[in-house]
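J.: Sharing a structure with you now.
Since every read-out is calculated from the coordinates, none of them should be taken as a lab result. Please read all numbers here as calculations on a predicted model, not as lab measurements. Positions of Cβ are generated from backbone atoms using ideal geometry, with glycine treated the same way; all protein chains shown enter the neighbour counts.
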Amino acid sequence: MESITKNRQSRATLQAMVARAYGADQVPTEPEGPWVQELGHGWFNVAYRITLRDGRDVVLKIAPPADVEVMTYERGAMRIELASLALIEAQTGVPVPRVDHADTSHDLIDADWFFMPYVDGENFGIVKDALDPGQADAYNEQLGAANRELNAIVGERFGPLAGPGDSSWRVVFTGIVEDVLRDGEARGVDIGHAYDDVRATLATHAYVLDEVTEPRFVEWDLWDSNVMVRDGRIACIIDHERALYGDPLMEAGFTALVLPQFGDSTAFMRGYGWPELTESQLLRRRLYCLHLMLVMVIETVYRAHTDTAQHDWARPQLDDIMDLLAQR
């Protein structure tokens, strides 16, 4: 996916970054050699696969340029990812990349960046349709179990990992949605509904958020495209820059319970060990779908997508979730 948030760098700059992270003796020397390859399936950061001089493959991930406007919740996203990786490694057995080197100085380039080992595996989101249905279900079941383990991490307050947060999930989540709505209004994004109508819909149902009383680590962006698989097992979970302390029902794996266009949650739910949702839990999940679809529509303008596929797909889903919420 092409996006203006992708902060591409010259080979000379990449060589300087390798030198800082791994030492001058690991810098690839061939000016036009095949030592660097952009990994193209990401939608926000740019990532490169780089072969060091000793033959090791590593991945360099670079945050968006400083002069590119991103959505409010995306500011400082790479630092959230680095904090998430440290937290997951310390408190769970879920496989995540090791950070070889992180740089937030902005002296080589205008953004945060970090190196990690290259994960030898296949992207589940890319290969899932070619898999035997039983194998795909097995991976989704493993994903549900891994997601449950991540959600077992408990925070002190709801909201950003770095704080300050709030003791009320209602306050935090309605604030998260308000940030998205203000981002949309600032860029004049047509979401197919009056912005104040969306605010009113959220306010009508916000009481149900008070049921959530314990802040849990939530990935929120844990789609199958952020899962690397190998030999029948999950090899690694990647892309943690949207994590926060919130309600586990925000997780991507639960989305299809409300919007079936996102697939089938049966295997994920089985692996997670979550029984059928109660009526109030289902209402919370509808609110989280509202937030998700607002993001999916509005971010296409901020990222200046080169095609309209995501926008054209997400707009009807936003209509659907607004209709579902209007029925209550």
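J.: Explain nothing, just the number: relative contact order of the chain, from Cα pairs under 8 Å at least 6 residues apart, as a whole percent.
T.: 19 percent
J.: Note the angle between two axes, namely the Cα long axis of helix 279-302 and the longest principal axis of the Cα atoms of the chain, as a number of degrees from 0 to 90, rounded to the nearest 10.
T.: 50 degrees
J.: Arranged from highest to lowest average of other beta-carbon atoms within 10 Å per residue, in what order do the peptides 105-112, 222-229 appear?
T.: 222-229, 105-112
J.: Next up: Enter the angle in degrees (range 0 to 90, nearest 10) between the Cα long axis of helix 11-22 and the first principal axis of the Cα atoms of the chain, meaning the one along which they spread out most.
T.: 90 degrees
J.: Given region 106-235, report the % of alpha carbon pairs whose separation exceeds 22 Å.
T.: Pairs farther apart than 22 Å: 61 percent.
J.: Could you give me the ³J(HN,Hα) list for region 161-178, computed from phi with Karplus coefficients 6.51, -1.76, 1.60 and θ = phi - 60°, whole Hz, x at Gly and Pro?
T.: 4, 7, x, x, x, 8, 7, 10, 5, 4, 4, 5, 5, 5, x, 4, 5, 4
J.: Using only DSSP helix segments of four residues or longer, with each worth -39500 (n - 2.57), what per-residue ellipticity at 222 nm results for the chain after dividing by its residue count and rounding to 500?
T.: Calculated mean residue ellipticity at 222 nm is -12500 deg cm²/dmol.
J.: If I take every Cα pair under 8 Å that is 6 or more residues apart in region 11-117, average their sequence separation and divide by the length, what percent do I get for the relative contact order?
T.: Over region 11-117, the number comes to 23 percent.
J.: Here's another thing I want to ask about it. Could you tell me how many degrees, from 0 to 90 and to the nearest 10, lie between the Cα long axis of helix 195-205 and the main elongation axis, the longest principal axis, of the Cα atoms of the chain?
T.: It is inclined by approximately 70 degrees.
J.: Fewest Cβ neighbours within 10 Å first, please rank Thr104, Thr174 accordingly.
T.: In increasing order of surrounding Cβ atoms, one gets Thr104, Thr174.
J.: May I ask for log10 I(q)/I(0) of region 11-117 at q = 0.21, 0.22 Å⁻¹, from a Debye sum over the Cα atoms as equal point scatterers with solvent left out?
T.: Values returned for q = 0.21, 0.22 Å⁻¹ are -1.22, -1.30.
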